[in-house]
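Engineer: The structure is given below, and queries will be raised subsequently.
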Amino acid sequence: MGFTQTVKNIWSVEDLRKRIGITLLLVIIYRFGCYVVLPGINPDSLMALKNFTSDGLMQLLDMFSGGAFSQASIFALGIMPYITASIVIQLLGMVLPSFQKMQREGESGRMKLNQYTRYLTVLILVLQGPAYLMNLKYQVQAAGGYVDMSFWMMVFMTVVLAAGSMFIMWLGERIDQKGVGNGISFIILIGIIARLPEAFFQEFTGRLINSAGGGLVLFLVEIVILLAVIAGAVLLVQGTRKVPVQYAKRIVGNKQYGGARQYIPLKVNAAGVMPIIFAQAIMFIPITLAGFSAKQTGFIGALTDMYGWTYNIIYFLMIVAFTYFYTAITVRPAQMAEELKRNNGFIPGIKPGKPTVEYLDSIMSRITLPGSIFLGIVAILPAIAYVCGLNRNFASFFGGTSLLILVGVVLDTLRIVEGHLLMRHYDGLMKDGSRIQGRTTGNRAF
């Protein structure tokens, strides 16, 4: 099926057409807000802040906010406080019985957890707002400008920043309910993509101007390598190991159940992008404690240099460790074995009970190792690309959280669109008739 016919099929589904239109409208509102500068700030005095966020960990923060961080926008704090709060609530649900009980209560429990997440998001915003404003004051003064940072003005700006982030969260929820879905991740995707054209143009012009010869060939080689990395990220998101399960026959009344062979899909990367987020959050601690207002030196400086050997070795090892940790607390072989036994199923050649638990655990250990190493390599690829001579903005798209979010959210969105088409008896998006697999078939990003 051609691309034109696919677009016609999408446009002919009224509900899907409305959802795509609403999503585009909300995205436009979000992008417009990224350029609305905080009250009392002169946009001409923000050049120092833009230079400060063009390198290192600050560049990563600015990317996730879609450039709002360097613009001193009302959306400067972005959606990351909400994601941090979501991760904390998710971890509490794994260790606290009261939160585990709410998780088992279905829709009512989910609503309570969402409310706790919002409260925690506000608390994080109240703490991050003044820190961002003090850094903003330092950068504006370094550029020879002036900004009023009296107590009440700082309170007012903190309220504006918090309201901006909460409004972004509201936009994400509207995309979930009225749009194509996956709203929070979709907003992060838009923020990352907003930086791609500029990075692409900078790399293209840099190769043509600075290279003595063959600059265009080098640029094409870089594009081919980037496409190969994207293909690897797709395999990392979708990759599974299928374990055969035989269900014994059961006769209830006059009906026969079971007797068929099925498969348990164990994901190669069951932890998704969470290990990178955990490791990245920890790597932000040194620069947060040392302060944002000046370049750091010594060991602290090495821990804040995302292109240095010290940073990337520690970062890689932490990702591998967090991958095993997160997989261990999310994939539970004992529960899987119990469900198999309850449904009269078994793995051929493996006895039910403890042997099944040990067999599933051994498989997860074997497939988690290459998955964790590959995830760690993808995370440090931007540093490798920069060392090889790529522009810093363009190198950031060669791996890390940004690439995995791009791949994961695009796959999820395509899967949702395909679901609407198949529900109305249209062909899917793949020519061979196969279904698109996204993160929501296994583990979501956040």
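Engineer: Checking a compactness column here: for segment 101-167, what do you get for Rg(Cα) / (2.2 N^0.38 Å), N being the number of residues?
Structural biologist: The reported ratio for this selection is 1.58.
Engineer: Each residue of segment 174-187 in turn: what ³J(HN,Hα) in whole Hz from Karplus with 6.51, -1.76, 1.60 and θ = phi - 60°, glycine and Pro shown as x?
Structural biologist: Values, residue by residue: 5, 5, 5, 7, 10, x, 7, x, 6, x, 4, 5, 5, 5 Hz.
Engineer: In addition: Would you work out if segment 164-221 is rounded, prolate or oblate? Take a ≥ b ≥ c from the square roots of the eigenvalues of the alpha-carbon gyration tensor; rounded if a/c is under 1.5, else prolate when a/b is larger than b/c, oblate otherwise.
Structural biologist: Verdict is prolate for segment 164-221.
Engineer: With θ set to phi - 60° and the Karplus curve 6.51 cos²θ - 1.76 cosθ + 1.60, what are the ³J(HN,Hα) couplings of segment 116-122 in order, to the nearest whole Hz, using x for Gly and Pro?
Structural biologist: Each residue of segment 116-122 in turn: 4, 4, 5, 4, 5, 4, 4 Hz.
Engineer: Here is a further query. On the protein heavy atoms, probe 1.4 angstrom, tell me the percent of accessible surface of segment 134-243 carried by carbon and sulfur.
Structural biologist: It is 72 percent, rounded to a whole number.
Engineer: Past the 32 Å Cα-Cα mark, which pairs from 18/267; 178/242; 101/178?
Structural biologist: Cα-Cα > 32 Å for 18/267; 178/242; rest within.
Engineer: Something else now. Check residue 241: other-chain or 5+ apart residues with amide H under 5 Å from its amide H, H built from backbone geometry?
Structural biologist: Amide H to amide H, under 5 Å and 5 or more residues apart or across chains, residue 241 pairs with 266, 267, 268.
Engineer: Moving on to the next point. Let a ≥ b ≥ c be the square roots of the eigenvalues of the Cα gyration tensor of segment 111-252; is it rounded (a/c under 1.5), or, if not, prolate (a/b larger than b/c) or oblate?
Structural biologist: Oblate, since a/c reaches 1.5 and b/c is not below a/b.
The values are calculated or read from the model by the stated rules, or taken from the named source; none is laboratory data. These numbers come from a predicted model, not from an experiment. SASA here: full protein model, heavy atoms, side chains in, ligands and nucleic acids out. Shrake-Rupley method; radii C 1.70, N 1.55, O 1.52, S 1.80 Å.
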